[in-house]
Structure formats: structure tokens, C-alpha cells
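Below is one structure, written out as C-alpha cells, with a few remarks after it.
The values are calculated or read from the model by the stated rules, or taken from the named source; none is laboratory data. Model, not experiment: these values are computed from the prediction. All Cβ positions, even for glycine, are placed from backbone atoms using ideal geometry, and neighbour counts span all protein chains on display.
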Number of protein chains: 2
Amino acid sequence: MVKIGIIGFGVVGSGVYEVIRKNKESIARKSGDEIDIKYILDIRDFSSHEESHLFVNNFDRMVADDEISIIVETMGGLDPAYEYTKRALSCGKSVVTSNKELVATYGDELLKIAYDNGCSYLFEASVGGGIPIIRPLNQCLAANEIGGITGILNGTTNYILTQMIKDGQSFEEALKDAQDLGYAERNPSADVDGHDACRKICILTSLATGKKIEYKKVYTEGITNITLRNVEYAGKLGYVIKLIGMSRVCDSGKVNVMVAPMMILKEHPLASVEGVNNAIMVDGNAIGSAMFYGPGAGKLPTASAVVADVIDIAKNRGSENRLLWVKADGEVIIPQDESQFKYFVRVGAPYAEAKAQIREVFGECTCIDLYEDEFGFVTNEIAEGDLKAKFASLSYKVIDFTRIL
Amino acid sequence: MVKIGIIGFGVVGSGVYEVIRKNKESIARKSGDEIDIKYILDIRDFSSHEESHLFVNNFDRMVADDEISIIVETMGGLDPAYEYTKRALSCGKSVVTSNKELVATYGDELLKIAYDNGCSYLFEASVGGGIPIIRPLNQCLAANEIGGITGILNGTTNYILTQMIKDGQSFEEALKDAQDLGYAERNPSADVDGHDACRKICILTSLATGKKIEYKKVYTEGITNITLRNVEYAGKLGYVIKLIGMSRVCDSGKVNVMVAPMMILKEHPLASVEGVNNAIMVDGNAIGSAMFYGPGAGKLPTASAVVADVIDIAKNRGSENRLLWVKADGEVIIPQDESQFKYFVRVGAPYAEAKAQIREVFGECTCIDLYEDEFGFVTNEIAEGDLKAKFASLSYKVIDFTRIL
């Protein structure tokens, strides 16, 4: 019998409870042992819960109980999850989490504490909700040098963009719908400004490179400035706009990592990822490209990933925990100005008036002329710093530009 | 130092050699130990190979060598792979394989021998080439009861169907192209008749249910009868035709498992899987649906999966090998006649002439009238046995029917 404690009985925590109860027998078969919930920590009142006797409001009792070998941290946020996780790991109790903020911020330190104390810190649910991605990247693709990761990592923004593309809704309308459906928070900034996706691409890139990617240093652009004109230009050129978290390992060994709305070809496997789904494409030097697709959030999908980690530890499979990533000595991320793409650029002037200058500065390029007051064009692949230098030399206003994947 | 032997130096075996040499350092870092190839068994002459000293032509020497802890079986076929695998496992040497025929045929027995001898029998590469699917199904989705698996499991037939759909090639033309490109064998039966896909869906379903699915009992239909008319009807109705391997767990606990060309909606994630790629969608009672996509075959992708298994064993992660599936007591598969679908049916008569009778027998249904000598219609969801009984009552000839996913 493996006894576990759950800390944080919100959406994910209660999902973990539900999955463990519902699939009890098959989980026992797969773990080779029964998994039993001994405590649930939550400061709220659950006295009317059907198993109210499990609830405690004091972490000390859980962490001091020798019977508890695994703690499931589904609190979210840094405080007190960080302290609780450190205490649990320091006592040799393995911790399983869905807390991307904590993993992105203190993953290196927590992995080291786990390593030093012979226990595990597992976080499959921190990226891609239920989609298996941490373990596949870490184990299944272990024979590969990972060259790049490209993902739709946030379901809320993907839902909003899907509504804009499919139904012609404005950003504001689609956001309101997402809020009404419970896909977006009342304060949607973490999603729509790209911070959530940023933490996830940092976790994946840390895992792929073995070096901690500091998310505060990562160029992050959300979707709040995407308009239906952007969507229309993209569509006419054969693209869709998606919020992409991506990283590429450069020849120098440094990585180009960012979150931004990008134009991707309609035929690209990521283009057909709609609604609140997520998908992550991984490029390895043996496999080529593989993609992992599924529900990027939600109670039971996320719980599915958490419980898989619990089963792994119950089978002692987590015991060979390693320092998956460490703080790097020097700078790991290349400056955003060195990042290279093709770009779609909108110019705030009539096509007939400005085209000669655009050709002069950017050379021959595909132009698209849909509105009287502006037009767009596609550049060749150039560094972002060079792109901005060219913009500065124009006598016309650049409205915005979008990277093309 | 973990010493391994490779038996069979064909496409996959030489790929394993290449990946281990090329990614030596990162593999050592991930395994926690260096992986070294001590022997390569192949009856052909490799005296001019750069490491010709590794080649042996006698299995006895490899299996008797105590230094060898892992044998990579990339011979394919049953004979002598079956005997060699049994001998290796009986000596406590773990075996990693890409041999789907062997796993589908003798997986239960070989897993038992591995279990009894404290070693592992791993076969990630046997399904989906490089795509991680065995380990995700077995570990990452361990918290789920698996209700269904639906996959494009054969790259050759997917290439042919893609050419028919995209370029309007006939089956024969597309097959010839596939052969010229090396995607199809000179004798393409194993692929185009669905046997390869059948072995793969049997392996996946055995893993999901814990019960051996005998591939000889599985209804298997290939793509040799698919014509451009089938493709056109499907396209007009909003579908594409794909060769699908699928299994669904019924309420009785038995499974409905089959391989057949099916019509899938263009918006379905599987519909955009083109060329030689594979994709497998797994339905679990916690996660909902997840999909795994990537190259379904090829030297390095398949080697990537083989080497991931080798790394797993090197890390002692394979040591908790279990009896993933066993021979079932009774019948596991439901009769194909009980299988339920909607169907697209082609009738060999003019629409105006036959429509009244079709309505009489099948009720109101969507009809599509593209040719003078035939038309098609879509049925409601009914059991396949009932469908055939209705066909027998028609006075018009049914040309063919296609299941709708």
C-alpha cells in the first residue's frame, strides 16, 4: 500500500482524488500496489465531503507521517507550494506536481533536493495538461539530440484564436466567450499575455538542454494585439495564426527561445490544433519530428498526468531521479535580435504609394493589398535586429509584424 | 559500461549502430552509463565495414558472453528471431526489438520468459516507428482506463492514399510511386492488404487490455479496392479515406478490433496525417483523447525508439518488467458482424431508379449522385450484420461500403 497526501484540493487536486477512486483497480494493477489517499490538505471547509475525514489543515502532520511516501502538490503558485515542496523532498518524500510556475522558477533547486534525498520530483502535468510530453521527451526520445521544440502550449489563447479564425469573432468577443465558458480567468493576463506558455516552453527547453532557462529572460509576446485583419492576411496567404512557444538549439549551443503569435502554414500539423487543445512538436536528430496532441488543461486530463507520475514513483521508477537541469554558468539564451525568421509586415500606407520603397529596402517580395490604408508583405529570412533596422529606414509606418514559422 | 549485441544489421539494425555512435555522449549522460556495441550478428559479409571487428556470424558466442546484458533484435520475421529471443531472455539478457510480427505472435510467451528470468522484453519500435506510443500507453496513461485506440499505423498505405487524395493518382500509380521511392516493397501485400497495420493494432490493444489479441482473428481489410471514385465521394461529403487500425472496448469487456479503410471527417486530427507519417489516437477515461504523431518508419526514427528502450534498460528502468498481456481464457474479440458504424454505401444503379428502395430499406438518408451508373448514401449507425442483411434484401447491387469513423 502506497499512501499519499494531496495538498491543494482545487480543480486538479479534486481531479486526482476522482481518478484514483474511479480507476482504483486498474491503477493497483499497473502500480503493482494499491494507492491510497491518507490526507488532503486544504484550508477551505470540506466537512460535507464524502470523505471529510481525509481533510487536514496542517501540513506538519502530513510531512511528519512516515507512512506518507508521496505528496501531490496541486496548490499552484509559489507560496506556500515552494516551502512545502522543499520540506517534503528534504524528508525524502517524493513530490508530484502540476505547478508550472514552481517548476519553471525553482525546478533546478527542487530537483537537486530530490536527488540529494533519494526521492523524486515529477511534473508531467506542468506542461500540456494531460498530454504525455515530459516523460516522452525525457525517456522516449532519449536517443535523440533535441534540436527544437515548437508548441501550442496554452488552451485559452488557442481557443480565442480559433474563434477569431473560424467564426470571425474579435479578440474581445472571443475572450469574453472563453471567460463565460470557464476557459479564461477574469484576469486573463497570464494566458493572453503569453506568460503561461512561456513557463511551459522554459520547462521543456530546460529538460531538452539540461540547462535552466530563466523565464523572465525569455521574449514573450501575447495575442492581445492580434486583430481580424491579421487573421485575414494570414488566411489569404495560406496560414493560420497561433500562439507558439518555441525553442531552437543554435550551432553555438545557445538557444533561441520565445513565445509569440506566429503564422503557420495551414498544412502544418500544428495548424489543425483547435480550441483548448495543445500540441507539442519535438525535433530530434534521429526521429525527425514527432508531435504530441491532446487536452492542454482540464480537471481529469491534468489529473491523469499527475496520477501517472504517482504510479511511476509507486513502481520505484522515479527512483532513478536525475538532475534533469541545472543553473547554467553563462548566458544560455541568444538575444532576441539574433533570432531569424521570415516575417509578415503590415505597412500603414497605400500599396501604390509605398511599394517602391519596400522593394528598395526589402528586395523582391510577396505583397498583399486588401485595404486602402495599408498593405502587407513577406520578407526573406533575416535576423530580428536587421528587420528593425530596415523598419527604421522606411518613411512609412510599420503597423506590426508577425513571425512566420 | 553496458555492452550490447545487435542481431540483424539491416535498415533498423544499422540505424541503431548509427544513433549509438552519433549521439554517444548525450546517450551516456541520459543512461548514466556508456552504451557500447560489442557484437553485431549478420550472416552477410561486412568485412569492409569501418568496425568490421564487431561482426560475428554465430549467435551462440553472443548469448554465452556474460558481458552482454542487452540484445537488440532487428532481424524481423519469426525465424530465427523467435528462437534467439527465447534463448537470450532465458539467459536473463534483456531484449529490445522492432519486430512487430514476433511481438504480435509470441509477445505473451516472450514477456513471460522475461518476467521469469528477471529481464526485460521491450518493443517501443514495433509500433509507429519512431513515435513514442508503447511507453506513453503503458506509463503516461497508466491512470486511465483505455476505451479506444484509433490509428494510422502504416506509412506505405497512408502515402498511397495521400497521393490518391491530393494528386488524383490511381491506386496502381500511387503504389508504383511508393515502390520507386522505397516506401513499398516489391511485394506490397503486407502493407496494402492491412496485415502490417493489423499486427500493430493487436500489439496496442493487447497492451491496453492486458489480453492477447490474436491477429489472425482480427478482421483486416486493405486498400487495394479503393478507387478514385471512393476518394471523390468521400471528399464531396467532407471526409478523407484513411486505412485505420482501431479497437474499442465494449461494455461486455470484449473488444471490437479491426483494420479497414475508413472515412474520417476532414477536421479530425487524423485526417491531416499525410504521406508516410503515422498517428495514434488514444481515448482514456481521464484524459479524453491524446494523439501521438510522427514518422511511422525509416531507419533513424525506428532506431530512435530502439535505443530509447536500450537506455531504459541501462537505467534499470526496464527491470520492473511485468506481464503486460497474457493469453485470455475465453474469446476477447466480438464478431465483426456486431461491430457498429455509420457506413457510406455505393449502389450500382442510377439514383432515380433505386432511391425509393434505398429509402424503404434504410430510411431517410443523405444520398450523393455523381455518376450515371451508380450513387452513394450514408446509413445510420447499425451493426455490420444488420447492414449485410439489408443489402441482401435490395434488388440492386451494392458495389462496396466504407465505415465512417
If we ask which residues in segment B:48-59 are modelled with pLDDT of 95 or more and either under 29 Å from A:Ile146 (Cβ atoms) or in a loop (DSSP other than H, G, I, E, B) (or both), their number turns out to be 5
B:Ala197: passes all of (1) among the small types (Gly, Ala, Ser); (2) under 16 Å from B:Ile160 (Cα atoms); (3) not in a helix (DSSP H, G or I) but (3)
For segment B:334-353, the count of residues that are among the small types (Gly, Ala, Ser) and under 18 Å from B:Ala389 (Cβ atoms) equals 1
Would you tally the residues in segment B:294-309 being of a type outside the set (A, V, I, L, M), over 12 Å from B:Gly155 (Cβ atoms) and facing chain A (nearest Cβ under 7 Å)? 1
Which residues, taken from segment B:126-166, are in a loop (DSSP other than H, G, I, E, B), in contact with a strand residue (DSSP E or B) (Cβ under 6 Å, 6 or more places away or on another chain) and farther than 28 Å from B:Gly77 by Cα? B:Leu141, B:Asn144
Among the residues in segment A:331-344, are any hydrophobic (A, V, I, L, M, F, W, C), within 27 Å of A:Lys254 (Cβ to Cβ) and within 14 Å of chain B (Cβ to nearest Cβ)? no
Please state which of the following conditions A:Gly363 fails to meet, knowing it meets all the rest: (1) at negative phi; (2) surrounded by fewer than 16 Cβ atoms within 10 Å (Cβ to Cβ); (3) not aliphatic (A, V, I, L, M). (1)
Scan segment A:170-178 and tell me whether some residue there is more than 28 Å from B:Arg135 (Cα to Cα), among the hydrophobic types (A, V, I, L, M, F, W, C) and in contact (Cβ under 8 Å) with a residue 40 or more places away in the chain. yes
If you go through A:Lys166, A:Lys176, the only one that is at negative phi, among the basic types (Lys, Arg) and within 13 Å of chain B (Cβ to nearest Cβ) is A:Lys166
Which one is surrounded by the fewest Cβ atoms within 10 Å (Cβ to Cβ), of the residues in segment B:243-276 that are within 14 Å of chain A (Cβ to nearest Cβ) and assigned to a strand (DSSP E or B)? B:Leu265
Candidates B:Leu54, B:Leu89, filtered to the one that is in contact with a strand residue (DSSP E or B) (Cβ under 7 Å, 6 or more places away or on another chain), over 24 Å from B:Gly118 (Cα atoms), away from chain A (no Cβ under 14 Å) and surrounded by 15 or more Cβ atoms within 10 Å (Cβ to Cβ): B:Leu54
Out of B:Gly288, B:Gly376, B:Gly330, B:Gly385, which single residue is in contact with a helix residue (DSSP H, G or I) (Cβ under 8 Å, 6 or more places away or on another chain), free of Cβ contacts under 8 Å to residues at least 12 places away in the same chain, more than 30 Å from B:Val72 (Cβ to Cβ) and of a type in the set (Gly, Ala, Ser)? B:Gly288
Selection over segment B:93-147 where residues are over 14 Å from the mean Cα position of the chain (by Cα), within 14 Å of chain A (Cβ to nearest Cβ) and of a type in the set (S, T, N, Q) yields a count of 4
Within segment B:1-33, how many residues are surrounded by fewer than 21 Cβ atoms within 10 Å (Cβ to Cβ), more than 14 Å from every other protein chain (Cβ to nearest Cβ) and closer than 22 Å to B:Asp66 by Cβ? 2
For segment B:38-52, pairs from a residue that is closer than 10 Å to B:Phe9 by Cβ and touching a residue at least 12 places away in the same chain (Cβ under 8 Å) to a residue that is part of a strand (DSSP E or B) and among the hydrophobic types (A, V, I, L, M, F, W, C), with Cβ under 6 Å and 6 or more apart or across chains, are B:Ile40/B:Ile6; B:Ile40/B:Phe55; B:Leu41/B:Ile7; B:Leu41/B:Val56; B:Phe46/B:Phe55
Would it be correct to say that B:Leu387 is within 32 Å of the chain's Cα centre (by Cα), assigned to a loop (DSSP other than H, G, I, E, B) and within 30 Å of B:Ala208 (Cα to Cα)? no
Exactly one of A:Ile37, A:Ile27, A:Ile20, A:Ile6 is β-branched (Val, Ile, Thr), in a helix (DSSP H, G or I) and at pLDDT 95 or above, and that residue is A:Ile20
Which one of these does A:Ile71 not meet: (1) assigned to a helix (DSSP H, G or I); (2) within 25 Å of B:Cys140 (Cα to Cα); (3) among the aliphatic types (A, V, I, L, M); (4) more than 14 Å from every other protein chain (Cβ to nearest Cβ)? (1)
Test for A:Ile358: is it over 15 Å from A:Gly235 (Cα atoms) and assigned to a helix (DSSP H, G or I): yes
Given the structure, is B:Thr162 under 13 Å from the mean Cα position of the chain (by Cα) and either modelled with pLDDT under 95 or buried (at least 18 other Cβ atoms within 10 Å of the Cβ) (or both)? no
Scan (1) free of Cβ contacts under 8 Å to residues at least 24 places away in the same chain; (2) within 7 Å of chain A (Cβ to nearest Cβ) for the single condition B:Lys315 breaks and write down its number. (1)
